[in-house]
1. Can you compute the helix-only [θ] at 222 nm over chain C? Use -39500 (n - 2.57) per DSSP H run of at least 4 residues, normalise by all residues, nearest 500 deg cm²/dmol.
2. Under a Cβ-Cβ cut-off of 11 Å, what is the net charge of the residues other than residue B:220 that fall near it, where Lys and Arg count +1 and Asp and Glu count -1?
3. Going 7 Å from Cα along the Cα-Cβ axis for the label, what nanometre distances separate residue B:114 from the same residue across the other copies?
4. Provide the per-residue ³J(HN,Hα) series for segment A:215-227, in order, calculated from phi with Karplus coefficients 6.51, -1.76, 1.60 and θ = phi - 60°, each as a whole number of Hz, with x at glycine and proline positions.
5. Which whole-Hz couplings ³J(HN,Hα) result when phi for each residue of segment D:249-254 is put into the Karplus expression 6.51 cos²θ - 1.76 cosθ + 1.60, θ = phi - 60°, listed in order with x for Gly and Pro?
6. Taking a label point 7 Å out from Cα toward Cβ, give me the nm distances from residue D:277 to the same spot in the other copies, shortest first, one decimal.
7. What ³J(HN,Hα) values, in whole Hz, does the Karplus curve 6.51 cos²θ - 1.76 cosθ + 1.60 give for segment A:309-314 when θ = phi - 60°, with x put for Gly and Pro?
8. How many nanometers, to one decimal and shortest first, lie between the label point of residue C:328 and those of its other copies, if labels sit 7 Å from Cα toward Cβ?
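Throughout, read-outs are computed from the coordinates displayed, never taken from laboratory work. Values in this document were obtained by computation on a predicted structure and should not be read as measured data. Heads up, the Cβs are rebuilt from the backbone with ideal geometry, glycines too, and the neighbour counts pull from every protein chain shown.
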4 protein chains.
Amino acid sequence: MELIEFTPTREQFSYTFGGAAPVMRIKPGTALKLWTEDAFNYALRSVEDLASNKISLAEVNPQTGPFYVEGAEPGDTLAIHIVDLTPARSWGVSSAIPFFGGLTSTDRTATLQEPLPDTTWIYEVDTASNTVGFVARHSDFTVQLPIETMLGTVGVAPPSREVRTSLVPERFGGNMDTPEMRAGATCYLGVNVEGALWSLGDGHYRQGEGEACGTAVEGAMNVTVIIDLIKGGGPAWPRIENDDFFMAVGSSRPMEDSWRIGQVELVRWFEQLYNLHTMDAYQLLSQMTHAPIANVVDANYSVVLKAAKKHLPTVSAFDGMHALMRERATSLGSISYNPHV
Amino acid sequence: MELIEFTPTREQFSYTFGGAAPVMRIKPGTALKLWTEDAFNYALRSVEDLASNKISLAEVNPQTGPFYVEGAEPGDTLAIHIVDLTPARSWGVSSAIPFFGGLTSTDRTATLQEPLPDTTWIYEVDTASNTVGFVARHSDFTVQLPIETMLGTVGVAPPSREVRTSLVPERFGGNMDTPEMRAGATCYLGVNVEGALWSLGDGHYRQGEGEACGTAVEGAMNVTVIIDLIKGGGPAWPRIENDDFFMAVGSSRPMEDSWRIGQVELVRWFEQLYNLHTMDAYQLLSQMTHAPIANVVDANYSVVLKAAKKHLPTVSAFDGMHALMRERATSLGSISYNPHV
Amino acid sequence: MELIEFTPTREQFSYTFGGAAPVMRIKPGTALKLWTEDAFNYALRSVEDLASNKISLAEVNPQTGPFYVEGAEPGDTLAIHIVDLTPARSWGVSSAIPFFGGLTSTDRTATLQEPLPDTTWIYEVDTASNTVGFVARHSDFTVQLPIETMLGTVGVAPPSREVRTSLVPERFGGNMDTPEMRAGATCYLGVNVEGALWSLGDGHYRQGEGEACGTAVEGAMNVTVIIDLIKGGGPAWPRIENDDFFMAVGSSRPMEDSWRIGQVELVRWFEQLYNLHTMDAYQLLSQMTHAPIANVVDANYSVVLKAAKKHLPTVSAFDGMHALMRERATSLGSISYNPHV
Amino acid sequence: MELIEFTPTREQFSYTFGGAAPVMRIKPGTALKLWTEDAFNYALRSVEDLASNKISLAEVNPQTGPFYVEGAEPGDTLAIHIVDLTPARSWGVSSAIPFFGGLTSTDRTATLQEPLPDTTWIYEVDTASNTVGFVARHSDFTVQLPIETMLGTVGVAPPSREVRTSLVPERFGGNMDTPEMRAGATCYLGVNVEGALWSLGDGHYRQGEGEACGTAVEGAMNVTVIIDLIKGGGPAWPRIENDDFFMAVGSSRPMEDSWRIGQVELVRWFEQLYNLHTMDAYQLLSQMTHAPIANVVDANYSVVLKAAKKHLPTVSAFDGMHALMRERATSLGSISYNPHV
């Protein structure tokens, strides 16, 4: 298996899905060691750095990529297996950006109220305990929280000639901001344009479900992934598989529509996997789905629908791609999987 | 501790929160062994029984209660600790009621389309393996799923003179349909009327998050609870505590509002528990909240917000009520807690 | 036609639909001259009176009624024809109640922001010009706006044993807050309980569509209505007819669901009125419906769907009830209709 | 005033806002006579032509343009005054596209139900009576409806490098589908990229508010517009002015957010126009806004907020641009304004 290392220069970042020239052409079956900048583009480095001075929402979530996958055509399925996510800095950062986030009015849920106070938090990484440190800004409360790395943003170029900001998740993936996008996960995305043009970024050292304040513990990341291609079978919405779960992700507004999208996608998958009638797949999943919210802040809200494999007969999705990639990953050496707890 | 046993007659069921005369007066600190009928009022007993013939949505979720708690006044906090939930029948039942559920149009999300086919599924209880059996109606697929008992409906009389159906969750609790309402959980509800007038029902042998098709594996239940009263401190929305998590539940439409309600409630709780500034509570919870959806079907959608105790300094909520009730529960004898997995 | 005059005492007001004893029994075909108190219960009388001190949202929209209509049974249709609405005071009042209204966070669209400043505006009635005067609180801007009287709240007792606050509109009508509820309109409501138990209140001297700040130019009102009963045919959601339009009102959340409800109700009405196939009614109304928003503030949002009669063949709805009531109204003497402009 | 005539070839159509090369450079102050193809790209020409066979949602709403306006820079305001809209064919067409429209489940409001039957309606234009004829497909009902021409789609290139389909309205305008976009209206759009890159299309011979079934009476159109540029002052969301109203349009999901966006935009405009405090502008508009829904079908829903000039002191918006353009329009000769009724 070929292993490519790539650290983008500042000029090489893209801020959209679609619309950017590929940084590289790769073959299906390639492994990549990538470096991703933090969501704020390294603009917030201390609690004195405030988002209202330093951040433009038109240039967040810098993407490493896009990569052109040889042979990928519309209708195909791109498989992105995350082998490892390791913090690339000794600190992470979070911010309550004015009029951005879940517990404030925004440019969409518009009100006439004043914004919440622009505030920045710095989290020191403690590699010994594998934690990041929360330090209250208005009292002396501190607490250590486990590092549970994930990628906020994984996606491909959208269909219909569109170019979309890396801020808003959609059918093509993008800024779904789910903790499920972690080491050990295989993400399946429908290919919309030749070469697929996938990219990733927005590493989180840790994030709660919902990403309530709008930002996670954001940080630069060392990312190891394996890429492969399945001809045909492109799913309508992003799917994720790991050793334990089949998952689908819906991203829309209002949030019940995100849920509907993801739950229907999982029903369709189960019809296929277990040769089930629609009504039986609907019923079975009604009794076994986990439904964690991913984000309520990225303009489109994301919901993850998960079905545990342990309850089910063994089947093989996408021609056994996930198991295959797990095996290949072992050949990459000392990669430690990072099960969230 | 006094232990009361009560099995309602069919005439004693209530179908509302508020508006029904109490079946009994109890003192704070009482334990109760109760029996609850299934959500369908025992009307669906085979796959031949169809909801469209046998069910009126005006008479589902029959409630055991209401109980009048002596000394309870508006503004107080009612604590309901669930000690044990044991299936009271050898089978459970689920139904895709026409124009009810999450992946169909409804009387609210109204369309001109035909309904999905009215279908009933029967799940046999296997006490040896502690599972219920899913049997597909349109193929020969079967699978055993673990029994994970919970109560769909726990609530008190609403404020403002209202009487509300046991179908729709709200500020007063009610049909939240969250798997978190299981043995080992303490539910805190704000008291709105003298005596609190709490009731419960709608036992589920198992339910996926979201309750996608609108119904769980519904079944009659043997319920053991302990009731207590905290003067004052009534929360705006339902809170739940177990050994592992602090939780709040929001129920509204659209689903982002359910999330907002629950997340704000948890922020307010954390301000109190850890003496945190609002912005620090907001930030801290943004990095540690779990946000499972409870239901997307009961007219009001419910979302649960959870913060894991293990990451946090030890504190005592509601004067240590949860720990106290856990201790009292042990005095009730051979109760096995039922951690979901 | 019998004409009953009734001015409630303060103790006779009700604050719910359902749950209150009738103030009177009337026969179908009765006219009533009623007096309604303003939505704030006469608590705000100058710009110094602030909602946060003087108002409880549990006691707003005092209702005149409920009235028991002899012979009314579940499934019937109650017709309420508004003959005249005349201001009963020389001033009206509006308020930006903290955390209530459309351009602020609320108890449902919950955020952590500060409320907007609690502010009261008094509007003097000028009977000569038939206007109310807006007087800015923060500059010397003033403007006269035409009086266009309407009733915020018209409803019957809800089904399923429920009792609902007069603050929130629903299937049974209630606080729909639409300017269409004015003199010349006939409102059709499905009867849910014996006697129908209708009431009305919340007079507005004027209101914009949406009722953006949460309150209209609120004022006590002299109300003349005629009541009649149609056996059977109770509509699922409120319908309104005037000389120019057939209308239906949906009230739910999110607002697209309010729209869906009302648009489906109008499609169902058109199937009946013109013997149309569902798809043809859907298409025809797609090209001719007016869709003004009524309120975005009353917890449930209301949308009105209107189809102009002038484009359509003449038909008779509900056995010609509207025309009949218009004729009867003339017998009541010098009633001036009040077409909005 | 320069007058340019332009009829695009089929290859010149664009299907996005942003991303397409300009068809022409024009100077501010130019008048244009344009031709626009119908939303279906001339693919539906009889009731036998069905959307599921002939239409791809990736190629609807072909745009005439984009036009590069000399001197236009980000932050400026583009003014598009519609002088005349005249049907360019003798028939219009409407379609209930499967899983598209307001009273069906869609790819976002996803359910497991079957689609509504794919159906096409042809409307003959009667120039004598200025009507289009509705002909029921399932009975012999027919009715003539007044022609009230409008443009579904008017917009500029979006910010943040994005390229967006001509199907979905947003901050940059686009497929707002409001009947207010008719002859006599001036639309103000914030410029996001050099040259503004505006385009228009999707002519409707008639449309109900909401565009319930997803499509209007669609038809090719002869379009006369005047274009001008105001340096600076670019509004956050589209504004419209005609002789009678100041308007703002919000487009998002859920629909209450569309309303919030538009109502806030109108408050901000009134603060400016009348030098009002935010709370006074909020109050005044609460009592005088009209709030018709524009569309509930284009993925993003659009709501129009309107304030009648007749109640207000005379002021001049955008340096009197609307009055100026109205005057210029008269110089173009026999243009008949088309007030909707």
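1. Value at 222 nm, helices only, nearest 500: -4000 deg cm²/dmol.
2. Here the count lands on -3.
3. Output for residue B:114: 0.3, 5.9, 5.9 nm, nearest copy listed first.
4. Those phi angles translate into 9, 8, 7, 7, x, 4, 9, 8, 10, 10, 9, 10, 10 Hz.
5. In residue order, the calculated couplings are 10, x, 9, 6, 9, x Hz.
6. Listed shortest first, these distances are 2.9, 6.0, 6.7 nm.
7. Result, rounded to whole Hz: 5, 4, 7, 10, x, 6.
8. Going from nearest to farthest copy, the values are 5.9, 5.9, 7.9 nm.
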